[in-house]
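A short worksheet on the structure shown next.
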Amino acid sequence: MRKLGCILIGSVVMLFGWFIYQPHQVHAASLTVVSGQYIRPIDAAASQLQAGRGYLALKVTAKNETAKARTIDDRSFRLRATNGDTVQAFSVISGGADTFKTISQKLSAGGSLTGYICFPVTKQTPYQLEYSAQNFKKGTEVTSSTINTGDYRDANETAVKALTAFIDEVLLNQANPDYQTYVTNDLAANQKIYNEQLAATLRETISIGYDFVDEHEPSYQKLAEQISDQLKNANRQRGQTRVVIQYSSPTTVELLLYTTTVENHSYTDPLVKKALNQDKEVVPTKLPAAFNQFEGVVQTAELIHSDPEYGLPVRLVQHGDKWQVAAGDDSWRFNDSAKFFDVYTGAPYP
């Protein structure tokens, strides 16, 4: 009996000792999904842009809990569907005017980072987002978090609505309620910019193309204000505007603009000729009266078409649920809205 008791006591001591000295399990990684939004990579596959599909950029915070530095990139993440299939991350290095890119950097031991990871997904679908600080090497720990792709918004179409509304209100003299909903730009300020661009187009067309009686030039700004609404009406009635998404990130969208508008020489030349004297010099004081006939002339003026292969890029920057159209940037293509205003004055396609 005493022998049996010793055996039992010894067993308990051994078990207790084993429990005490078992190494504590340390997680290799931790993962938090911060937010997400659908984007349009510049090299997006056409099949992934069909209805019900999209590229989802998830903003995540990942932590390396191991004692070694690790490289964290697209290979560190994947999605797992309910049927067990996995979806590999889609690398986005850069695109357009912004510097958006997916995660790719070395993470120190115990360090964390926040960035984007992108996946081609089916919308309105649950997935497990999986993260491995050791790139899913066999036998290593995998951390996961449940997501549903239906929880994230696709703002690409609202960007198209924003640019369309901007063009309607500023350049085509047409009310569009989407302006208040989606556009941050000051309407009156941009209408003023359009008139300034129209004045510049008139100055270039008339001053360079014709001789004046004296060195005095007419007020092109007043001339622009005189015909502005009529030119906008003609472009709305006779022209066309088509907007295509080229690229989008979580903060910006770049759209391509394809247009058909009234050509400036075909509406200025007939009217300027009415202000010439017998020596075929322009009499500046006669120009306002001559341009009173603008509305009739512009309805039969020639049309100019943008290159069907190369649209005019216009950049939009997201501010909450709204967009700033033609935000300033170092690239001439997106420098300011005046770059594509020229198209709607009938100036040559830039």
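The values are calculated or read from the model by the stated rules, or taken from the named source; none is laboratory data. From a predicted model like this one, the values you see are computed outputs, not experimental measurements. No Cβ is skipped: glycine too gets one built from the backbone with ideal geometry, and neighbour counts run over all protein chains shown.
Mind listing just one residue for me: the one in the stretch 233-245 that is crowded, with 18+ Cβ neighbours inside 10 Å and either assigned by TED's automatic domain parsing to the domain that holds Ala45 or of a type in the set (S, T, N, Q) (or both) and, of those, modelled with the lowest pLDDT? That would be Thr241. Residue under question is Glu217, and the condition is that it be assigned to a loop (DSSP other than H, G, I, E, B) and over 21 Å from the mean Cα position of the chain (by Cα); does it hold? So Glu217 passes the test. Consider Phe119 carefully, then state whether it is surrounded by 20 or more Cβ atoms within 10 Å (Cβ to Cβ) and assigned to a strand (DSSP E or B). Yes; evaluated as a whole, the condition is true for this residue. Summed over the stretch 307-323, the residues that are at pLDDT 85 or above and not in a strand (DSSP E or B) give a count of 2. A search for C-beta distances below 6 Å between a residue of the stretch 277-305 that is assigned by TED's automatic domain parsing to the domain that holds Glu225 and under 14 Å from Ile206 (Cβ atoms) and any residue that is among the charged types (D, E, K, R) and surrounded by 12 or more Cβ atoms within 10 Å (Cβ to Cβ), counting only pairs 6+ apart in sequence or on different chains, returns Ala290/Lys274. Whenever a residue of the stretch 141-162 is in contact (Cβ under 8 Å) with a residue 12 or more places away in the chain and surrounded by 15 or more Cβ atoms within 10 Å (Cβ to Cβ), its partners that are of a type in the set (Phe, Trp, Tyr) and assigned to a loop (DSSP other than H, G, I, E, B), lying with C-beta atoms within less than 7 angstrom and at least six residues away or across chains, give the pairs Val142/Phe136. Is it the case, given these coordinates, that Leu271 is touching a Lys or Arg at 6+ places or on another chain (Cβ under 9 Å), among the aliphatic types (A, V, I, L, M) and either in a helix (DSSP H, G or I) or assigned by TED's automatic domain parsing to the domain that holds Tyr310 (or both)? No: the conditions fail for Leu271.
Between Lys339, Lys286, the distinction of being among the basic types (Lys, Arg) and either farther than 21 Å from Ile167 by Cα or at pLDDT 90 or above (or both) belongs to Lys286 only. In this structure, does Ser112 turn out to be closer than 23 Å to Thr66 by Cα, of a type outside the set (Phe, Trp, Tyr), surrounded by fewer than 19 Cβ atoms within 10 Å (Cβ to Cβ) and not assigned by TED's automatic domain parsing to the domain that holds Leu231? Spelling it out, Ser112 is indeed closer than 23 Å to Thr66 by Cα, of a type outside the set (Phe, Trp, Tyr), surrounded by fewer than 19 Cβ atoms within 10 Å (Cβ to Cβ) and not assigned by TED's automatic domain parsing to the domain that holds Leu231.
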